[in-house]
Amino acid sequence: MSQRKNGTLFYTKEELDRAIENSSALEYALSRYQLKRAGNRYTMPEHDSMVFTPDGKWFWNSHGVYGNALDFMQIYEGKSYVEAVLTLAGTLHSPPMQAQETLPPVTPTPPAPTQEPVPFVLPEMDKSQKYVFAYLHKTRGISPQLIRPLLKDRHIMQVRQFVGMRICGYAGSEQDNAALYIPSRPDMEEAVRPYLQERQIVSRDVLHPLPEKKTVLCVTGEEASQLAQQGILQEKHRLAMLGYDTEGNAQYCSIRSMNSIGKGFKMDMPGSNKQWPFLLPGSIEAKGVVIVESPIEAMSYRDLCTMTGSPYKKYPILALGGANVSVGLESFLANHPEISEIRLGLNRDDDGKHKEKAGERATEHLKQTYGDRYQISVHVPAENDWNDVLKKLRGIQPPELQQQRNIPMPQR
């Protein structure tokens, strides 16, 4: 355990790496609390809205908070970020802390049988990118000067998905239309069973061959599209926003629908690693980083800085993937020792849709966590979020009026 002369704790990069490897909220909670199993999920008996899932996530629905073990330990157990990291790294040994709400003594239950983690697979790139361009520019107000290089470098792209099907890999290159899909629901498995064929997965991202090929019963993307034309499947065109590791490999992908009317669709691709979230690169000489919640807010903030001539237009902008997710920031800082300033631009959350101001709470948490090591500045949007600010500045009309304009709108 690392401790300064004044008694304050700190952690090394190796300890952070171990903590991230051990950041499953389910595994941590099973070792300390008596959880109740419900299907493939677990709940806290004292708080039935608190859910732990096999992918290591934790949700406290009644409080609107979620995350991994690091977030659980800080929000529920009251640990500091440093204490949480050192505990998961195995270098800080302490008895279970009493949570912020009084709990009876608990007896740990043995962990459930481990399940093979779902591998991260890059979604299938659509043949056309026109819907993405129209959505981001005409509906969201993002400038073409920003959209084009992001499309070129594959920070964003239009992808196709099929309802009830999951992409499991590729049998060749993109030019071969080699995406492979398997059913993700029992009803869909029944519907497509006559069309499934054995094929070999050779890659998860069309770039890096797998060490060992895997044979699966599946349909190709083109076959799935034909089944959609027959009414057996539903084909959707969506926006994908990607995060890359230091070697340039995609590790994270956030998917959202591109409809401006009706209920939207959002998801992270299974296996996504929020240690590598969406990042807008900055200039080499930049000594700071801007933190926002979502990729669209990152693009909006960059455009706003460019429009106003702000010096922050040169800063990299990191989208955490939610107000309560800090693992991406910690990873970024560990890999960029030149950073000395953190500019927090999390959402205002006063649009009437949010019971709790998660952005405000997360801002205070990040100030406390990093204030002794970095210069912290806070920039709260005048509207609910930075995209609302950009749309207002550009005079973007409300969605119901936009629908009357001749904008190509894909299925969500």
Problem - Number of the exception - TYR66 against (1) within 18 Å of the chain's Cα centre (by Cα); (2) modelled with pLDDT under 80; (3) surrounded by fewer than 18 Cβ atoms within 10 Å (Cβ to Cβ) - result: (3)
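Considering the stretch 245-256 alone, what residues qualify as being part of a loop (DSSP other than H, G, I, E, B) and touching an Asp or Glu at 6+ places or on another chain (Cβ under 9 Å)?
Within the stretch 245-256, just ASN249 meets the criteria.
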Fill in the blank from the handout: Filter the stretch 152-171 for residues that are surrounded by fewer than 16 Cβ atoms within 10 Å (Cβ to Cβ) and in contact (Cβ under 8 Å) with a residue 12 or more places away in the chain; the one that is farthest from GLU235 (Cα to Cα) is ARG154
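Among LEU210, LEU239, LEU227, which is among the aliphatic types (A, V, I, L, M) and surrounded by fewer than 16 Cβ atoms within 10 Å (Cβ to Cβ)? Write out each step before concluding.
Values: LEU239 fails: surrounded by fewer than 16 Cβ atoms within 10 Å (Cβ to Cβ); LEU227 fails: surrounded by fewer than 16 Cβ atoms within 10 Å (Cβ to Cβ).
The conditions single out LEU210.
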Handout entry: Failed item, numbered, when GLN404 is tested on (1) at pLDDT below 90; (2) assigned to a loop (DSSP other than H, G, I, E, B); (3) closer than 27 Å to ASP71 by Cα
Key = (3)
Problem - Subset of the stretch 135-151 [polar (S, T, N, Q) and crowded, with 18+ Cβ neighbours inside 10 Å] - result: THR139
Exercise for the section: Filter the stretch 180-211 for residues that are closer than 18 Å to GLU223 by Cα and among the polar types (S, T, N, Q) and give the result. Expected result: SER184, GLN197, GLN200
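Which one is nearest to ILE296 (Cα to Cα), of the residues in the stretch 257-274 that are in a strand (DSSP E or B) and without any contact (Cβ under 8 Å) to a residue 40 or more places away in the chain? So that I can check it myself, show each step before the final result.
Of the residues in the stretch 257-274, the ones in a strand (DSSP E or B) are 266-268.
Remaining after also requiring without any contact (Cβ under 8 Å) to a residue 40 or more places away in the chain: 266-267.
Numbers: LYS266: 13, MET267: 14 Å.
Among those residues, the one meeting the criterion is LYS266.
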Handout entry: Filtered residues of the stretch 44-63 (kept if within 23 Å of the chain's Cα centre (by Cα), without any contact (Cβ under 8 Å) to a residue 12 or more places away in the chain and surrounded by fewer than 16 Cβ atoms within 10 Å (Cβ to Cβ))
Key = none
Exercise for the section: Please determine, by comparing only the residues of the stretch 23-38 that are aliphatic (A, V, I, L, M) and within 15 Å of ASN68 (Cβ to Cβ), which one is surrounded by the most Cβ atoms within 10 Å (Cβ to Cβ). Expected result: ALA25
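Condition check ((1) among the small types (Gly, Ala, Ser); (2) farther than 25 Å from SER272 by Cα; (3) free of Cβ contacts under 8 Å to residues at least 24 places away in the same chain) across all residues:
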| site | (1), (2), (3) |
| --- | --- |
| PRO186 | no, no, yes |
| GLN197 | no, yes, yes |
| PRO209 | no, no, yes |
| GLU212 | no, no, yes |
| VAL216 | no, no, no |
| GLN230 | no, yes, yes |
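The values are calculated or read from the model by the stated rules, or taken from the named source; none is laboratory data. What you are looking at is a predicted structure, and each value in this text was computed from that prediction instead of being measured. Note that each Cβ is placed from the backbone with ideal geometry, even for glycine, and that neighbours are counted across all protein chains shown.
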